[in-house]
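Here is the structure we will look at.
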Amino acid sequence: MIKKVLIANRSEIAVRVITACREMGIKTVAIYSEPDKFSRHVSLADEAFQLEGQPHKVYLDAAQVVSVAKSCGADAVHPGYGFLSENPDFARSCAEAGIKFIGPKPDIIHRMGSKVESRRAMEAAGVPVVPGTTDPVNSADEVKKLGAKYGYPIAIKASAGGGGRGLKVVRNESEAEAAFTAAQREGASYFGSGEVYVEKYLDKPRHIEVQILGDEHGSVIHLGERDCSTQRRHQKLIEESPAAKLNPKVREKLLAASVKGAQSLGYTSAGTFELLVSGDDFYFLEVNTRVQVEHPVTEYVTGIDIVKEQIRIANGEKLSVKQEEVSFRGHSIECRINAEDPFKNFMPAPGAVKNFAEPRMPWVRVDSACYSGYQVLPFYDSLLAKLIVWGRDRNEAIDRMKLALQEFKIEGIATTIPFHLAELEDPKFINAETWTTYIESEFMKDFAAKAPKPTAPSAVPSSSTPSVSIATSPSSNNGHGLSTPEKVGPFNFEVEVDQKTYKVAVHELVAPGKAVARSGGPAKTSARSMERPSKSADKGGSGSGKVKAPMHGVVKELLVEIGNTVTQGQKLLIFEAMKMESEVVAPIAGKVSTVTAKQGDTVDTDHVIMEIAE
Ligand code: MV4
């Protein structure tokens with residue numbers, strides 16, 4: 001029996017797993033990077049260990065994680081999502097160390113990591129796949145032949161890909177060559193494999209996924225579907241269950257097909273079958289072998305705790321329910337509250353959260369590791385909180401979500417709350433008529449006009465009012481941030497350091513009042529962090545254009561080299577920060593005179609990546 005779980009993750013999902021473990025009487029061990037020492041996942045766990053290494057790399061350090069798990073006596077590891085969760089080698093090395101990996105078997109993770117392989121497996125199991133190849137495609141000529149066979153548009157996809165990377169749409173024969181090369185290159189550089197395959201490209205599909213649970217006794221069940229069509233550049237923003245306006249016959253078929261697919265794999269643990277739905281047709285896309293960010297909407301409509309099921313399954317126990325005992329009730333919606341500015345192209349907005357007050361309402365759940373005084377770090381994705389509501393029907397859930405968003409106070413940084421409020425008023429969303437590219441191709445066009453205006457923050461004390469932000473030490477377990485009074489202090493504390501006692505007065509962090517953005521509009525973060533990459537270049541005195549890193553991040557792709565002539569606004573490089581890619585464009589026309597970074601380099605805020613001479 002599992003007695004102690006190491007959570008190989010951070011932030012909200014680590015908190016979520018810790019909660020499930022505590023409920024089951026299981027001890028928990030957190031791991032953290034140095035700057036993550038104030039995260040709630042650290043203070044909530046029974047034990048916590050700081051990992052050695054760079055903040056953006058430590059949670060990926062399989063060897064170190066296994067070694068910590070061994071030395072602290074953990075008998076199981078929960079990987080959460082992202083990081084090591086779909087790394088078959090990590091799952092294997094846990095097993096070799098005698099530690100249970102809370103997830104599917106390593107060979108299943110490995111097989112599903114290859115899209116070509118998973119398509120083949122699903123085709124063999126009789127699950128519909130998008131028309132296309134189940135063998136890798138090796139030349140642009142082959143791509144053209146397939147274009148003629150299936151009819152354009154077609155998609156070229158990296159077999160090792162996921163999310164949107166390595167996906168290229170080919171609309172006619174003339175685009176085949178470039179798309180083939182680009183998909184191969186992206187596959188090789190992001191996923192270490194240049195293997196690509198071809199599918200018919202579906203126009204305006206919905207993205208629907210099926211939650212699967214399988215145990216080691218051969219039972220596989222589904223917990224219904226989720227619609228995740230509301231997303232932007234492959235980042236999901238709103239998810240819901242059930243999928244609205246889905247033909248009940250189609251629903252029944254796609255749920256049954258996913259269960260059949262999972263059974264054919266001998267799938268164990270929680271998993272998600274991703275599908276594209278177009279009219280009454282559905283097609284298998286990929287299997288995600290982890291617990292997903294959006295699992296709470298399924299928990300709300302079924303009442304089943306997916307993380308606890310994962311732990312029971314890893315223990316060798318049977319699923320706690322049979323398929324016929326799973327009942328679906330009402331409707332649930334999740335909004336991802338990200339530290340991003342929807343008024344600035346969803347630019348990541350790391351910084352200090354000055355006030356974080358969750359909505360307190362029935363049928364509302366907030367999954368978050370955030371609290372007043374929390375620092376959103378630039379090294380990780382920008383998910384601040386998941387806001388999840390339940391309603392008897394979709395309309396009630398939408399109304400509840402709108403109120404919860406209005407009541408959610410996050411001050412100090414920009415968030416996606418204004419986006420959510422606008423989207424929930426959108427007729428296309430209300431009528432469930434959206435599709436995977438709707439947000440970027442249509443909704444965002446006049447977003448600024450329909451969004452609730454973020455009010456300017458009233459007198460945020462900067463230099464005039466001294467303020468101290470206190471965060472508890474990692475070893476304490478006060479669960480800070482669980483309930484935060486709006487109006488704080490000054491409170492007087494006595495703090496003991498090295499056997500000396502100090503008197504510390506803690507003042508309120510943010511001036512309260514109605515004028516402070518209720519919906520998390522941008523307050524005063526550093527001007528720099530709010531800038532878009534396209535504006536992040538200064539003009540030097542002599543007319544040279546300095547192209548600076550907009551924040552700490554990675555140069556993903558250089559699109560020009562020294563000596564190239566560029567026009568103003570031309571794309572120079574792809575920059576990645578907080579798991580988001582953005583394009584950096586030329587501030588002026590001229591010649592690229594210096595390039596100080598190569599592809600894959602990590603650079604600090606304001607590092608001059610290139611200079612352009614007029
Ligand atoms: C597609 C598609 C249309 N036709 N495949 C994007 C990410 C990767 N997981 C698969 N993706 C897509 N594959 C065919 N044959 C459209 C998408 C797609 C998409 C899929 C799921 C969620 C969001 C998406 C956004 C744009 C495109």
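A probe of 1.4 angstrom, applied to the heavy atoms of all protein chains, finds Glu216 with accessible area near 90 square angstrom.
Of the accessible area of segment 131-200, computed with a 1.4 Å probe over protein heavy atoms only, carbon and sulfur atoms account for 48 percent. The convex hull built on the alpha-carbon positions of the chain has an orientation-averaged projected area of 29.0 nm². Just the protein heavy atoms count here, and of the accessible area of segment 4-102 at 1.4 Å, carbon and sulfur take up 49 percent. Helical content of the chain, expressed as a calculated mean residue ellipticity at 222 nm, amounts to -7000 deg cm²/dmol (DSSP H runs of 4 or more residues, -39,500 (n - 2.57) each, divided by residue number, nearest 500). Note on Lys204: aspartates and glutamates with a C-alpha under 16 Å away, same-chain residues under 8 apart excluded, are Asp227, Glu274, Asp280, Asp281, Glu433, Glu440, Glu442. For the residue pairs Lys37/Lys354; Lys145/Lys200; Lys157/Lys548, alpha carbon separations beyond 23 Å are given by Lys157/Lys548.
Which net charge results for the neighbourhood of Ile156, defined as the other residues with beta-carbon distances under 15 angstrom from its beta-carbon, given Lys and Arg at +1 and Asp and Glu at -1? With Lys, Arg at +1 and Asp, Glu at -1, the neighbours total +2.
Per-residue Karplus couplings for segment 94-102, computed as 6.51 cos²θ - 1.76 cosθ + 1.60 with θ equal to phi - 60°, are listed in order as 4, 4, 5, 8, x, 10, 6, 8, 7 Hz, Gly and Pro entered as x. Can you work out the Karplus-derived ³J(HN,Hα) for every residue in segment 370-385? Use 6.51 cos²θ - 1.76 cosθ + 1.60 with θ = phi - 60°, whole Hz, and x for glycine or proline. Rounded to whole hertz, the list is 8, 7, 4, x, 5, 9, 7, 8, x, 7, 10, 5, 9, 5, 8, 7. Taking amide H positions as modeled 1.01 Å from N, with prolines and chain starts lacking one, the residues under 5 Å from Ser159 and 5 or more places away or on another chain are Glu195, Val196, Tyr197. Each of Thr19 and Ala178 was given a label point 7 Å from its Cα along the Cα-to-Cβ line. The distance between the two points is 4.7 nm. Look at the dipole of segment 18-121 built from charges on Cβ: of Leu44, His78, Val116, the Cα furthest out on the positive end belongs to Val116.
Using bins of 5 Å that start at zero, the share of Cα-Cα pairs per bin across segment 235-347 amounts to 2, 9, 16, 22, 22, 14, 8, 4, 2, 0, in whole %. Average accessible surface for the chain: 42 Å² per residue, computed with a 1.4 Å probe over protein heavy atoms with every protein chain in place.
Element breakdown for segment 390-442 at a 1.4 angstrom probe: carbon and sulfur atoms account for 44% of the accessible area. Rounded to whole numbers, the Karplus 3J(HN,Hα) couplings from phi for segment 25-31 are x, 9, 6, 10, 10, 9, 10 Hz, using 6.51 cos²θ - 1.76 cosθ + 1.60 with θ = phi - 60°, and x at Gly and Pro. Taking amide H as placed 1.01 Å from N in the peptide plane, Lys354 has its amide H under 5 Å from the amide H of Gly373, Glu411, Gly412, Ile413, each at least 5 places away in sequence or on another chain. Taking all protein chains together and a 1.4 Å probe, the residues His234, His207 rank His234, His207 from largest to smallest accessible area. Put simply, the C-alpha atoms of segment 131-200 give a gyration tensor, and the ellipsoid matching it has half-axes of 18, 11, 10 Å, longest first.
Judged by the ratio a/c of the largest to the smallest principal axis of the C-alpha gyration tensor, segment 206-449 counts as prolate, that ratio being 1.5 or greater while a/b is larger than b/c. Structure note, pairs Lys546/Lys591; Lys144/Lys168; Lys236/Lys260; Lys100/Lys386: Cα-Cα distances above 18 angstrom occur for Lys236/Lys260; Lys100/Lys386. Around the amide H of Leu384, modelled in the peptide plane, lie the amide H atoms of Ile337, Asn338, Ala339, all under 5 Å away and 5 or more residues distant in sequence or on another chain.
Legend: calculated FRET efficiency, Asp399 to Ala449, from the Cβ-Cβ distance at R0 = 25 Å, rounded to 0.05, equals 0.60.
The values are calculated or read from the model by the stated rules, or taken from the named source; none is laboratory data. For clarity, every value in this text was computed on a predicted model and none was experimentally measured. Methodologically, a virtual Cβ is constructed for each residue, glycine included, from the backbone with ideal geometry; neighbour enumeration extends over all protein chains shown. Calculation scope for accessible area: heavy atoms of the full protein, side chains included, ligands and nucleic acids excluded. Shrake-Rupley method; radii C 1.70, N 1.55, O 1.52, S 1.80 Å.
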